[in-house]
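The values are calculated or read from the model by the stated rules, or taken from the named source; none is laboratory data. Just so you know, these numbers come straight off a predicted model, no measurement behind them. Every residue, glycine as well, gets a Cβ built from its backbone with ideal geometry; the counts of neighbours run over all protein chains shown. Ligands, DNA and RNA are excluded from the accessible area calculation, which covers all protein heavy atoms including side chains. Shrake-Rupley method; radii C 1.70, N 1.55, O 1.52, S 1.80 Å.
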Amino acid sequence: MASRVPVRFPGSSGLGARSHLSPRLRSSRSDGMGESLRLPGLYRRVSAWSDRGDGEPADWQRPASVPGHLNDRWEEWSSGSDRSGAPAYSDPEEQSLGGYSARLSRDSGRQVPLLRGIFQVQKRSCDVSLTSSHLLWCPIQPESPGKAHTQAKEESIMLKDIFSVKLKRRRMAGQEKGGTLLGITVFVCIRKGHKLKDNAIDFYNLSEDFCDIWLRQLKDILNGFPNRPKSLKVIINPHSHKGEAPNVYYRHVAPLLKLADIQTHVTETNYKGHALALLKECELQEYDGIVCVGGDGSVSEVVHGLLLRAQMDAGKTVNDSLSPVRAPLPLGIIPAGTTNTMAYSLHGIRHSVTAALHIIMGNIQPVDACTFSTEDKLLRFGFSSMFGFGGQTLALAEKHRWMPSSQRRDFAVIKTLAVLKADSCDLSFLPINNRQSTSHQKKKNKDNFLENETKDQWQHTQGQLLNVSIMAIPCLCSMAPRGLAPNTRLNDGTMALVIVHNTSRPEFVKHLKRYATHKDQFDFPFVETHLVKEVKLCPQSTSHCGNGLYENHKEAHTGLSEVHPWNIDGDLQVASSEVHIRLHPELINLYGRNIEELDEMKAKCSCL
């Protein structure tokens with residue numbers, strides 16, 4: 001049975017009243033109730049013209065898409081003629097939809113529809129409305145004599161969750177263009193916990209003009225959302241982890257970027273430092289963002305390159321680390337490495353589709369970053385660092401690159417534990433003002449540690465240290481579900497300083513194993529933590545220079561009698577003197593969202 005789109009809306013008594021929805025277009029064969037359009041298996045009367053909600057069409061000119069035989073009737077409508085005295089329309093089916101229209105208008109969270117029409121959704125004819133914030137549809141239920149009217153269930157999606165809209169066509173095998181129009185498809189981003197997924201909803205209608213109007217209106221709205229990129233520079237490390245980065249990108253990420261009409265320029269790096277050299281010379285103004293596909297080492301190199309480029313463009317010297325300039329473009333991180341601490345800290349999950357959808361949706365997260373410098377020479381921009389056990393383990397792992405990543409990591413940890421020895425260090429740090437620093441140290445040695453809670457005054461500790469970690473991000477990963485630094489966040493203006501004093505090997509292993517659980521890894525008498533904004537660390541000896549862990553780096557730095565390995569965001573750096581770490585709030589923007597409840601993370605854990 002044929003059904004009709006309602007023309008009586010809240011506050012109107014028929015066509016003689018000023019409608020709050022779309023004006024009706026009449027043809028020479030129209031009965032005054034709207035232009036007839038054929039839908040799959042049914043006849044529907046629809047109106048597809050937008051309205052501002054004040055009784056006047058959104059553009060009080062004849063739309064370019066109005067069919068020629070409707071031109072005269074459009075002029076008739078726009079002039080206001082032939083409207084007074086129009087009989088009130090009382091189709092029972094429209095009366096059943098009147099309540100839906102009234103509810104739509106009364107709902108304070110929604111506005112008067114910009115477009116309204118009939119589509120088939122999931123094999124049911126639906127009254128579909130497009131507002132400035134929602135796309136809503138409600139099944140049409142004609143009233144039947146003798147049967148009680150049941151309330152139709154209304155469904156909706158927020159426009160901010162839509163990332164693409166396409167015409168849906170039926171094509172023959174091998175046909176790439178054209179085809180029979182079926183309607184439009186709306187692609188939506190759905191959140192399930194920390195994971196994001198894409199979903200497609202089909203709206204069937206066989207009218208080319210009708211679907212074109214909806215397509216253009218939806219695309220105009222999507223183009224108005226801020227931060228959504230149109231062009232991206234993609235940097236892939238084909239050697240990351242098991243060489244899976246190209247497969248991750250071309251199989252899971254590239255199709256989504258293409259679906260969202262995002263132009264990409266892809267470069268696969270050939271050697272270490274390739275990304276850094278690329279970003280120094282790249283015309284960044286051609287892109288809306290940068291995407292890195294790889295592990296923590298790849299991300300570290302791209303972050304360093306972006307921030308170095310910002311200093312160059314601002315005319316600052318590379319060594320000026322006191323007030324660095326913010327990165328010019330946001331960075332998207334597609335995890336394809338071994339630990340992926342940056343991706344875990346940003347998204348809460350190692351999932352390439354989630355990372356890709358954050359980029360497509362333009363979700364921007366400002367993130368604090370650090371500068372690592374020695375004697376006024378900038379070593380690196382980064383987010384986290386480890387000295388002592390963490391640096392020595394990475395140095396050994398780098399010497400065994402020929403091994404598979406998981407075996408190389410386990411081998412390096414066991415080998416470094418076998419020759420575990422503390423470094424004599426002079427450590428100074430500047431605690432955060434007006435914020436209580438956290439300390440789990442239960443037994444303090446006055447000769448090794450001097451506590452001072454005075455504002456803006458440096459605190460000092462000197463002695464044998466097994467490991468020192470300085471992190472501006474939580475550093476989540478599958479092996480540390482609470483993070484290496486659970487007391488800090490992505491942009492709270494703090495760095496977490498974790499100091500592990502000298503202790504026995506079994507006690508140190510207990511501390512390490514705690515990272516793989518949800519227990520407090522700092523609840524040991526030899527561990528202390530602080531929230532700081534600056535750290536200075538000066539090694540007093542070269543305890544491990546002769547144990548064979550990093551002779552290659554010592555030989556590479558000719559003229560240096562003493563070198564000390566640092567793990568900075570998974571990238572090995574060496575220094576022969578004091579290293580100064582400074583925090584710089586919100587120095588770079590990343591595509592993603594902050595994770596507030598770290599203890600609720602359900603990351604897969606593995607023990608040492």
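With the checklist (1) surrounded by fewer than 24 Cβ atoms within 10 Å (Cβ to Cβ); (2) within 27 Å of residue 563 (Cα to Cα); (3) not aromatic (Phe, Trp, Tyr) in hand, flag the one item residue 432 doesn't pass.
(2)
Consider the range 165-180. How many of its residues are at pLDDT below 85 and surrounded by 15 or more Cβ atoms within 10 Å (Cβ to Cβ)?
0
Enumerate the strands (runs of 3 or more DSSP E) found wholly within the range 340-391, keeping only those where 3 or more residues are within 12 Å of the chain's Cα centre (by Cα) and buried (at least 24 other Cβ atoms within 10 Å of the Cβ). First the steps, then the outcome.
Values: elements: 364-374, 377-382, 384-388.
Result: empty, no element qualifies.
Mind listing whichever residues of the range 240-260 are surrounded by 15 or more Cβ atoms within 10 Å (Cβ to Cβ) and in contact (Cβ under 8 Å) with a residue 60 or more places away in the chain?
If the condition is that a residue be surrounded by 15 or more Cβ atoms within 10 Å (Cβ to Cβ) and in contact (Cβ under 8 Å) with a residue 60 or more places away in the chain, then 240, 241, 244, 245, 248, 249, 252, 253, 256, 257, 259, 260 are the ones that fit.
Only one of 187, 225 is of a type in the set (Phe, Trp, Tyr), in a loop (DSSP other than H, G, I, E, B) and open to solvent by 10 Å² or more (accessible area, probe 1.4 Å); which? Reasoning before the result, please.
Working: 187 fails: in a loop (DSSP other than H, G, I, E, B).
After ruling out the rest, the residue left standing is 225.
Residues are listed down the side, and each one gets a yes or a no for (1) more than 30 Å from residue 226 (Cα to Cα); (2) in contact (Cβ under 8 Å) with a residue 24 or more places away in the chain; (3) surrounded by 15 or more Cβ atoms within 10 Å (Cβ to Cβ):
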| site | (1), (2), (3) |
| --- | --- |
| 124 | yes, no, no |
| 132 | no, yes, no |
| 152 | yes, yes, yes |
| 163 | no, yes, yes |
| 182 | yes, yes, yes |
| 192 | no, no, no |
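Answer yes if at least one residue in the range 485-504 is in contact with a Pro (Cβ under 6 Å, 6 or more places away or on another chain) and within 19 Å of residue 391 (Cβ to Cβ), and no otherwise.
Yes, some residue in the range 485-504 is in contact with a Pro (Cβ under 6 Å, 6 or more places away or on another chain) and within 19 Å of residue 391 (Cβ to Cβ).
Kindly provide the set of residues from the range 194-205 that are out of contact with any Cys (no Cβ under 9 Å at 6 or more places or on another chain) and either exposed (fewer than 13 other Cβ atoms within 10 Å of the Cβ) or modelled with pLDDT of 95 or more (or both), ordered by number.
Within the range 194-205, the subset out of contact with any Cys (no Cβ under 9 Å at 6 or more places or on another chain) is 194-195, 200-202, 204.
Listed by number, the residues that qualify are 200, 201, 202, 204.
Residue by residue, here is whether (1) buried (at least 24 other Cβ atoms within 10 Å of the Cβ); (2) of a type outside the set (Ser, Thr, Tyr); (3) out of contact with any strand residue (DSSP E or B) (no Cβ under 9 Å at 6 or more places or on another chain) holds:
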{"residue": "463", "(1), (2), (3)": "no, yes, no"}
{"residue": "476", "(1), (2), (3)": "yes, yes, yes"}
{"residue": "481", "(1), (2), (3)": "no, yes, yes"}
{"residue": "492", "(1), (2), (3)": "no, yes, no"}
{"residue": "499", "(1), (2), (3)": "yes, yes, no"}
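Out of the residues in the range 280-293 meeting the condition of being of a type in the set (A, V, I, L, M, F, W, C) and at pLDDT 95 or above, tell me which one is surrounded by the most Cβ atoms within 10 Å (Cβ to Cβ). Before you say what the answer is, go through the steps one by one.
Just the residues of the range 280-293 that are of a type in the set (A, V, I, L, M, F, W, C), to begin with: 282, 284, 290-293.
Still in the running and at pLDDT 95 or above: 290-293.
On the way: 290: 26, 291: 27, 292: 30, 293: 32.
For the range 280-293, the residue satisfying everything is 293.
Consider the range 261-271. How many of its residues are free of Cβ contacts under 8 Å to residues at least 60 places away in the same chain, touching a strand residue (DSSP E or B) at 6+ places or on another chain (Cβ under 9 Å) and assigned to a loop (DSSP other than H, G, I, E, B)?
First, the residues of the range 261-271 that are free of Cβ contacts under 8 Å to residues at least 60 places away in the same chain: 263-271.
After this cut, where a residue has to be touching a strand residue (DSSP E or B) at 6+ places or on another chain (Cβ under 9 Å) as well, the list is 263-269.
The next check asks that each one be assigned to a loop (DSSP other than H, G, I, E, B); those that pass are 269.
Residues that pass the stated criteria total 1.
Starting from residues that are open to solvent by 10 Å² or more (accessible area, probe 1.4 Å) and outside any loop (DSSP other than H, G, I, E, B), keep the ones in the range 301-339 and report whichever is farthest from residue 362 (Cα to Cα).
In this case the residue turns out to be 312.
For residue 292, all conditions in the list (1) within 16 Å of the chain's Cα centre (by Cα); (2) assigned to a helix (DSSP H, G or I) hold save one; what is the number of the exception?
Unmet condition: (2).
In the set 337, 348, 362, 332, which member is under 30 Å from residue 225 (Cβ atoms), at pLDDT below 90 and in contact with a strand residue (DSSP E or B) (Cβ under 9 Å, 6 or more places away or on another chain)?
Working: 337 fails: under 30 Å from residue 225 (Cβ atoms); 362 fails: at pLDDT below 90; 332 fails: at pLDDT below 90.
Testing whether each residue is under 30 Å from residue 225 (Cβ atoms), at pLDDT below 90 and in contact with a strand residue (DSSP E or B) (Cβ under 9 Å, 6 or more places away or on another chain) leaves just 348.
Of all residues in the range 589-608 being open to solvent by less than 30 Å² (accessible area, probe 1.4 Å) and either charged (D, E, K, R) or under 16 Å from residue 475 (Cβ atoms) (or both), which is modelled with the lowest pLDDT?
598
Counting just the residues of the range 413-429 that are among the hydrophobic types (A, V, I, L, M, F, W, C) and assigned to a loop (DSSP other than H, G, I, E, B), which one comes out farthest from residue 569 (Cα to Cα)?
First pass over the range 413-429, keeping only residues among the hydrophobic types (A, V, I, L, M, F, W, C): 413-414, 417-420, 422, 425, 427, 429.
Imposing the further condition that a residue be assigned to a loop (DSSP other than H, G, I, E, B) reduces the set to 419-420, 422.
Values: 419: 24, 420: 22, 422: 22 Å.
The extreme case among them is 419.
Spot the failing condition for residue 296; the list is (1) of a type in the set (D, E, K, R); (2) surrounded by 15 or more Cβ atoms within 10 Å (Cβ to Cβ); (3) modelled with pLDDT of 95 or more, and only one is missed.
(3)
For the range 397-412, which positions are outside any helix (DSSP H, G or I), free of Cβ contacts under 8 Å to residues at least 12 places away in the same chain and more than 19 Å from residue 566 (Cα to Cα)? Before the answer, list the steps.
The initial filter retains those residues of the range 397-412 that are outside any helix (DSSP H, G or I), namely 400-404.
Then drop every residue that is not free of Cβ contacts under 8 Å to residues at least 12 places away in the same chain, which leaves 401-403.
Within the range 397-412, 402, 403 qualify.
State which residue pairs qualify: first residue over 13 Å from residue 383 (Cβ atoms) and in contact (Cβ under 8 Å) with a residue 24 or more places away in the chain and inside the range 561-574, second residue polar (S, T, N, Q) and part of a strand (DSSP E or B) in any location, beta carbons under 7 Å apart, and separation of 6 or more residues or different chains.
Between residues of the range 561-574 that are over 13 Å from residue 383 (Cβ atoms) and in contact (Cβ under 8 Å) with a residue 24 or more places away in the chain and residues that are polar (S, T, N, Q) and part of a strand (DSSP E or B), the close pairs are 566/385; 566/573.
Sort out which residues of the range 242-260 are assigned to a loop (DSSP other than H, G, I, E, B) and out of contact with any strand residue (DSSP E or B) (no Cβ under 8 Å at 6 or more places or on another chain), and write them in order of number.
Going residue by residue through the range 242-260, those that are assigned to a loop (DSSP other than H, G, I, E, B) are 242-244, 260.
Across the range 242-260, the qualifying residues are 242, 243, 244.
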